[in-house]
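Structure first, commentary second.
The values are calculated or read from the model by the stated rules, or taken from the named source; none is laboratory data. Computed from a prediction, not measured in an experiment: that's the story for all the values here. Ideal geometry is used to build each Cβ from the backbone, glycine not excepted, and the neighbour counts take in all protein chains shown.
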Amino acid sequence: MTVPNDFDIDGKVCVLTGGAGVLCSEMAKAIGSNGGTVVVLDIDKEALEAVDTELEKMGVEHMTLEASVLDRAELEAAAETVIEEYGRVDVLINGAGGNSPAATTGEDTSFFDLEEKSIKNVFNLNFLGTLLASQAFGEYMAEQGEGHLLNVSSMNAFTPLTKIPAYSGAKAAVSNFTEWLAVYMAHNHSTDIRVNAIAPGFLLTEQNRYLLLDEDGELTDRGQQIIDHTPQDRFGDPEDLLTTVLWLIAPGSEFVTGAVIPIDGGFAAYSGV
């Protein structure tokens, strides 16, 4: 019996939304290092240029595109550009997302003070941005009869966290949509189109640092609560996501679809008792 290379992604065309961000730029480099062709899509022109430079130095076949995941026309134009250049799209990683202090409750901001605009911005970025990108790029996968869509959910999709109602609700929607789209693609297009999600635990990034560490770099009360409820007793690093991402987009996971995989140091498994 010949054991296949479960992580073989050589030549696969992989699109990453939010691809110039902290998490997805690491994914882009990991995919490129393993032979994948990388398409980085983001709205941050400066960050795109930085990722472009890094991938160029690594010798990775890649392309960077400026587009908003909340603009269907821009996404469709980006998808057309990818098809014109590479002829296909094998993987879409829906990594665009994030929370906002304006949609976060706190000592000076109650739930009743949160503005509708801020709530919509967070919810739409995380959920609608995932759905619209899946439409724009997933349509080509349907024509090909194969492909993989990988969404980025969160720990708070399992159990909502305090302070961040819009983000928690949006990520719960992403997990539900992942399951829905997996069934839809298999039933209506091809059983070789898979849809999964990762659910990162608490990764220490610039985006959430203000919630987890104080100005002196010490744990906030919230940060300490998280560590106390994480059996591995640490925050995660972006690098902790990479092998799971590579596995999910590679042949080794060909019987995995509709799954939401926690990468959380055991947080979801611990009841606190």
Exercise for the section: Answer yes or no: is there a residue in region 259-268 that is out of contact with any helix residue (DSSP H, G or I) (no Cβ under 9 Å at 6 or more places or on another chain) and at pLDDT 95 or above. Expected result: yes
Practice task
Would you mind telling me which numbered condition in (1) in contact (Cβ under 8 Å) with a residue 12 or more places away in the chain; (2) more than 19 Å from residue 25 (Cα to Cα); (3) in a loop (DSSP other than H, G, I, E, B) residue 161 fails?
Solution key: (1)
Practice task
Under 9 Å between Cβ atoms, at least 6 apart or on separate chains: pull out the pairs that start in region 196-220 with a residue that is touching a residue at least 60 places away in the same chain (Cβ under 8 Å) and more than 18 Å from residue 237 (Cβ to Cβ) and end on any residue that is assigned to a helix (DSSP H, G or I) and of a type in the set (D, E, K, R).
Solution key: 197/179
Exercise for the section: List every residue pair whose Cβ atoms lie under 6 Å apart, where the two residues are 6 or more positions apart in sequence or sit on different chains, the first residue falls within region 91-105 and is assigned to a loop (DSSP other than H, G, I, E, B) and at pLDDT 95 or above, and the second residue, located anywhere, is buried (at least 24 other Cβ atoms within 10 Å of the Cβ) and hydroxyl-bearing (Ser, Thr, Tyr). Expected result: 95/17; 96/17
Practice task
Pull up region 13-37, narrow it to residues that are within 15 Å of the chain's Cα centre (by Cα) and in a strand (DSSP E or B), then point me to the one that is surrounded by the most Cβ atoms within 10 Å (Cβ to Cβ).
Solution key: 17
Completion exercise
Residues of region 38-90 being part of a loop (DSSP other than H, G, I, E, B), more than 20 Å from the chain's Cα centre (by Cα) and either over 25 Å from residue 242 (Cβ atoms) or small (Gly, Ala, Ser) (or both), in sequence order, are 59, 87
Exercise for the section: Give just the number: which of (1) surrounded by fewer than 16 Cβ atoms within 10 Å (Cβ to Cβ); (2) modelled with pLDDT under 95 does residue 112 not satisfy? Expected result: (2)
Practice task
Exactly one condition in (1) buried (at least 16 other Cβ atoms within 10 Å of the Cβ); (2) modelled with pLDDT under 95; (3) small (Gly, Ala, Ser); (4) more than 24 Å from residue 122 (Cα to Cα) is not met by residue 223; state its number.
Solution key: (4)
Practice task
Go through the residues of region 114-128 one by one and say whether even a single one is assigned to a loop (DSSP other than H, G, I, E, B), more than 17 Å from residue 37 (Cα to Cα) and in contact (Cβ under 8 Å) with a residue 12 or more places away in the chain.
Solution key: yes
Exercise for the section: Scan region 244-260 and report the pairs whose first residue is on the phi > 0 side of the Ramachandran plot and whose second residue is among the charged types (D, E, K, R), with Cβ atoms within less than 7 Å and a gap of 6+ or a chain change. Expected result: 258/179
Exercise for the section: Please give the helices (runs of 4 or more DSSP H) falling wholly within region 186-273 in which 3 or more residues are farther than 20 Å from residue 104 by Cβ. Expected result: 242-248
Handout entry: Members of region 122-157 that are in contact with a Phe, Trp or Tyr (Cβ under 9 Å, 6 or more places away or on another chain) and more than 17 Å from residue 97 (Cα to Cα)
Key = 147
Fill in the blank from the handout: All-but-one check, residue 176 against (1) in contact (Cβ under 8 Å) with a residue 24 or more places away in the chain; (2) part of a helix (DSSP H, G or I); (3) not charged (D, E, K, R), failing number (1)
Practice task
Among the residues of region 23-56, write down those that are charged (D, E, K, R) and in contact (Cβ under 8 Å) with a residue 12 or more places away in the chain.
Solution key: 26, 29, 42, 44, 45, 49, 52, 54
Practice task
Under 7 Å between Cβ atoms, at least 6 apart or on separate chains: pull out the pairs that start in region 61-73 with a residue that is hydroxyl-bearing (Ser, Thr, Tyr) and end on any residue that is part of a strand (DSSP E or B).
Solution key: 64/40
Handout entry: All positions within region 189-219 that are closer than 19 Å to residue 265 by Cα, modelled with pLDDT of 90 or more and of a type outside the set (A, V, I, L, M, F, W, C)
Key = 200, 201
